[in-house]
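This report concerns only the one structure given below.
Just so you know, all these numbers are worked out from the coordinates, no wet-lab data involved. Model, not experiment: these values are computed from the prediction. Backbone-built Cβ (ideal geometry, glycine too); neighbour counts: all protein chains shown.
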Amino acid sequence: MAATRALSLLASVVLVALTALPAQAAWQLDPARSAIEATLVEITPSGPVPHQHRVRELSGNIGDDGTLRLPLRLSQTDIPDRLGGLPVWLQGMADLPLATLVTRLPPERLNSLAVGDSLTETLNFRVDAEGVAQQEPLALRFTRESQSRIRIATAERVAVDGRKLMANPTLRTVILLLGYEQIGDEVPVTLDATLIDR
């Protein structure tokens, strides 16, 4: 009888302890509020000409281990609109990832962020594009706007190597389709995204 009461008491204590723990959020990007902007500088005989481009509707989930996979597709860019539609031979590639960004951020760091507070983290992003993988550090600022929403923005200037973009056959084709025969060595990039608790 005493053993039964002890087990019952122990079960009650465990139940109370579990319900007292903060709920772990399951974060995902809100496509309607998540985009990357890039400035491609076209090199022309009359001088450099900057062009703004956008990758919209970013989507991805942060897994239990903190891994975020972010596929980037041609259909997410403003390029089809600028070209008045994609050529037939490129249409089949519109929804295939041109590149996938992969990074890791422990979810507990986000979950412990109080509303109104920010933290800056330098994350290592792996970029997988057509079998070529490279790593880039990226400083991001996370600001908790509400219990269920965290805003992410680049915390410092970020520039992608324009030569590496031109070395990627698919990206080079797209850049040439836009009429840019040569672009600058630096492509400044900004991220403005929102994580929501799914």
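Using helices alone, I'd like the mean residue ellipticity at 222 nm for the chain: each DSSP H run of four-plus residues gives -39500 (n - 2.57), total over residue count, nearest 500. Spell out each step's value before the answer.
On the way: 6 runs with 48 residues, N = 198.
Helix-only estimate at 222 nm: -6500 deg cm²/dmol.
The Kirkwood hydrodynamic radius of the chain, based on inverse pair distances between different Cα atoms, is 19.3 Å.
To test your reading of the geometry: what angle, between 0 and 90 degrees and rounded to tens, separates the Cα axis of helix 2-20 from the longest principal axis of the chain? Tilt of helix 2-20: around 30 degrees.
Rounded to the nearest 20, the Cβ-based charge dipole of the chain about its Cα centre (Lys and Arg +1, Asp and Glu -1) stands at 500 debye.
Would you kindly state how much longer the chain becomes between Leu72 and Ala26 on full extension, computed as 0.36 nm times their sequence separation minus their alpha carbon distance, in nm to one decimal? Can you show the working numbers first?
Values: separation 46, 0.36 × 46 = 16.56 nm, distance 2.16 nm.
Between Leu72 and Ala26, full extension yields an extra 14.4 nm.
Lys and Arg at +1, Asp and Glu at -1: add these up for the other residues within a Cβ distance under 12 Å of Gly179 and post the number. Walk me through the intermediate numbers first.
On the way: positive: Arg82; negative: Glu42, Glu181.
Local net charge: -1.
For the stretch 125-171, build the charge dipole from Cβ charges (+1 Lys, Arg; -1 Asp, Glu) around the Cα centre, then report which of Thr143, Ala129, Asn168 sits farthest towards its positive end. Checked the options; the winner is Thr143.
Remind me, relative contact order of the stretch 50-198 in percent, using alpha carbon pairs under 8 angstrom and six or more residues apart?
Reported relative contact order: 17 percent.
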